[in-house]
Amino acid sequence: MLSKRLSQLYPGSHRSFRSSFTIAGMGWHYGAGLAKAIRARACAANEVKKAEARLAQIAIDVQSAEKAHEEAKARVAELDEQLRHRWKIDPNLIRPISRQTSRLIPSHGALTSVIFEYMRSAKRAVSTIEIRGHLAGLFGLPSGTTKQREESRRMVTRRLRQLAAAGWMKPLHKPRTNRIGKWALVKRPRTKAP
């Protein structure tokens with residue numbers, strides 16, 4: 001195929017295109033060297049494609065961050081106005097603090113009970129992502145950034161592994177090779193969950 005295409009491109013060559021060809025008196029061997037060059041070019045093109053995808057994701061993240069920044073600035077300006085006019089307080093004296101987001105579950109045992117409820121109602125094997133999505137809707141798990149989604153997924157996965165170790169459910173995936181797990185309840189006599 002390649003030799004036929006090269007013959008069409010360079011009809012004046014006197015050699016067979018099976019192992020080499022001649023252009024303007026220069027002989028080139030295109031065996032292993034050409035294969036390496038093609039592979040290197042394909043790998044480089046793949047790296048370009050990956051970098052473009054990363055740049056697109058970064059652009060989306062930047063737009064999201066800029067939007068959040070503008071909304072936060074508008075909220076601060078609104079609150080500053082209230083503090084100045086209603087309570088006569090200088091808002092510049094108030095230092096910024098961050099909200100505590102590590103305590104997302106309202107009460108002890110709520111995560112586990114909702115996981116069991118959801119799995120019983122599904123009556124099938126459920127993925128970690130489905131469970132996380134359900135919990136996010138109920139408890140407002142943060143999912144604004146990739147880091148927040150990953151953190152909440154790890155929290156859910158950790159609890160599912162604990163329940164599997166206690167014998168309440170079993171993983172239907174290979175834990176070492178799959179990032180997204182499928183989980184099924186184990187049929188047990190009615191007792192209180194851990």
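Every number here is computed from the coordinates shown, using simple stated rules; none is lab data. Since the model is a prediction, treat every value here as computed from it, not as a measurement. Methodologically, a virtual Cβ is constructed for each residue, glycine included, from the backbone with ideal geometry; neighbour enumeration extends over all protein chains shown.
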Q | Karplus-derived HN-Hα couplings along the range 113-121 (A = 6.51, B = -1.76, C = 1.60, θ = phi - 60°), whole Hz, x at Gly and Pro | A | 5, 5, 4, 5, 4, 5, 5, 5, 6
Q. Separation between the Glu71 and Glu150 pseudo-spin-labels, each 7 Å from Cα along Cα→Cβ, expressed in nm?
A. 2.3 nm
(Q) Pairs of alpha-carbon atoms within less than 8 angstrom and 6+ residues apart define the contacts here; what relative contact order does the range 119-176 have, in percent? (A) 25 percent
Q: Name the lysines eligible as straight-distance cross-link partners of Lys174: C-alpha to C-alpha under 22 Å, and not fewer than 8 places from it in the same chain.
A: Lys123, Lys182, Lys187
Q. Counting pairs of alpha carbon atoms under 8 Å apart in space and at least six apart in sequence, what relative contact order in percent does the range 51-177 give?
A. 15 percent
Q | Cα-based reach from Lys36 at 30 Å (exclusive), listing lysines while leaving out same-chain residues under 8 positions away | A | Lys4, Lys49, Lys50
Q | Estimated inter-spin distance, Arg120 and Arg158, nm [label 7 Å along Cα→Cβ] | A | 2.6 nm
(Q) At R0 = 25 Å, how high is the FRET efficiency between Leu79 and Ser107 if r is their beta carbon distance? Nearest 0.05 is fine. (A) 0.25
Q | Descending Cα extents along the principal axes, the range 110-185, whole Å | A | 32, 28, 19
